[in-house]
1. In segment 91-121, how many are over 30 Å from H163 (Cβ atoms), free of Cβ contacts under 8 Å to residues at least 60 places away in the same chain and either not assigned by TED's automatic domain parsing to the domain that holds A173 or not in a loop (DSSP other than H, G, I, E, B) (or both)?
2. For the list (1) within 30 Å of G135 (Cα to Cα); (2) buried (at least 20 other Cβ atoms within 10 Å of the Cβ), I need the number of the one condition that F275 fails.
3. Within segment 211-227, which residues are among the aliphatic types (A, V, I, L, M) and either without any contact (Cβ under 8 Å) to a residue 40 or more places away in the chain or closer than 14 Å to T260 by Cβ (or both)?
4. Failed condition for S250, given (1) within 25 Å of F209 (Cα to Cα); (2) of a type in the set (S, T, N, Q); (3) buried (at least 21 other Cβ atoms within 10 Å of the Cβ), with all others met?
5. Restricting to segment 121-135, and then to whatever is more than 15 Å from E71 (Cα to Cα) and out of contact with any helix residue (DSSP H, G or I) (no Cβ under 7 Å at 6 or more places or on another chain), can you tell me which residue is surrounded by the most Cβ atoms within 10 Å (Cβ to Cβ)?
6. Is it true that K51 is within 22 Å of Y143 (Cα to Cα), basic (K, R) and out of contact with any Gly (no Cβ under 7 Å at 6 or more places or on another chain)?
7. Take G45 and tell me if it is on the phi > 0 side of the Ramachandran plot, in the same structural domain as N103 (by TED's automatic domain parsing) and not β-branched (V, I, T).
8. Does any residue of segment 335-345 turn out to be part of a loop (DSSP other than H, G, I, E, B) and farther than 20 Å from T285 by Cβ?
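The values are calculated or read from the model by the stated rules, or taken from the named source; none is laboratory data. Small disclaimer: the values here were computed from a predicted structure and weren't measured. Reconstructed Cβ throughout: ideal geometry from the backbone, glycine too, with neighbour counts over all protein chains shown.
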Amino acid sequence: MKVSKTKHIKITKIVDDQLGPSKQDYSSLGIHGIKPQVGFLIFDGHNKTYKGFTGQKILFLASVDDFRTFEPDDELQNLDRFNREVNVDKAVQFLNLKEPNGNCAGFNYDYCGIIIGTLKKDSKTGEWYIFVNQGQHRIAMAYLSMGKTGQIPVLVEVPDESHDEEYLLMHEARLHHVDAAVRTGQKIVDKLRSAYICHEPSAESIVSFYDSVGVNVANLLPYEKSCNSWADIVGYIDKYGEDITYRSMSAISKYCNEKTLHAKAIGGLVALGYFFEDKVAEFETLNDMDFFETVCRYAFEERPRIVKMTNLTKNSGNQKHIAWPMTLWINLVNDMIDAKSYKKKGNGNFWITKTSKVWQNYLESELQDDPLVEALNQKVEPNVI
């Protein structure tokens, strides 16, 4: 992996740049909790002896101005940047959260815990600084509350000099990934980026799958169209199979003109191919055409009213199953069969109707007693999208 030398800049500068002249003093909200003291060294960026701690971890009290993170990059173009952007508005929001006693939370050492960082040296100034692996938003909160001289507890790893930059980047990304994987506050794209950078096999596998489909994820790939809901795609692969997921996702990407592909829209077509596999094979045999490409070409290019991603996901809400978008895809296939006169078995007008045996078998086996069944029945037959 190529290390792109993404700059590290002070978190204090990021906060100042975001707030500009409107920056306020939040010290009135108070400094709470117990500040750690015993067992912590005081960090000094000009100390000449830190090299003697190579390969060790040290507990420091470090000034807010000693912490740095990746330079801001809203579009995540730097492939070695895994930390999410510092969001100062969020930091301010946390400082103002109300405690049970009605007072604002302010900055609280008890909530802060221990920041995790790596010792680095500025090649231009020769000054040591701490690169933050976990806790950059807590640093922003401390700066807003205490200024640049406020002290924060941090566990600092002093890198082994035998390790090159690529190894250190992978190691730091791994620390972030383990933290992100168990914390709900981390964005899903950040979890994937750090996992991919540190060569997590599952992350490399899903990025490789996206690459084979030709769709971008977390800006790790050079494709125009993207689908950042990679965890959903992993779920479809696990439940329905990689081949059907590939055929569905690649066909949608090929014919849909939208830049952002919705995972539920993809999942609906995947589920259709899985639960109605025999009907798909029957269509391909009778018409000598690829089912997934034919349906997607019709939906996104040939249909008088072109289908949008939102048409396929509207009203699906927080349903865990994929029945709603799958039913809308069946609706589109029925619409296509009716409009284009593709060959089908039977004398009916449509591919699948609400009275079809295959449809009723699906409802009984997958959605027994589900209150959604009646609504789905109304969506099977065409002209409702």
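1. Step one: filter segment 91-121 for residues over 30 Å from H163 (Cβ atoms), giving 91-111.
Subset that is free of Cβ contacts under 8 Å to residues at least 60 places away in the same chain: 93-94, 97-102.
Checking the rest, the ones that are also either not assigned by TED's automatic domain parsing to the domain that holds A173 or not in a loop (DSSP other than H, G, I, E, B) (or both) come to 93-94, 98.
Residues that pass the stated criteria total 3.
2. (1)
3. Selection gives V215, V217, A218, L221.
4. (3)
5. So, considering only residues that are more than 15 Å from E71 (Cα to Cα) and out of contact with any helix residue (DSSP H, G or I) (no Cβ under 7 Å at 6 or more places or on another chain), the one surrounded by the most Cβ atoms within 10 Å (Cβ to Cβ) is G135.
6. For K51, the condition - within 22 Å of Y143 (Cα to Cα), basic (K, R) and out of contact with any Gly (no Cβ under 7 Å at 6 or more places or on another chain) - is not met.
7. Details: on the phi > 0 side of the Ramachandran plot: no; in the same structural domain as N103 (by TED's automatic domain parsing): yes; not β-branched (V, I, T): yes.
Taking the combined requirement at face value, the residue does not satisfy it.
8. Within segment 335-345, the subset part of a loop (DSSP other than H, G, I, E, B) is 341-345.
Filter once more, keeping what is farther than 20 Å from T285 by Cβ: none.
The answer is no; no qualifying residue exists.
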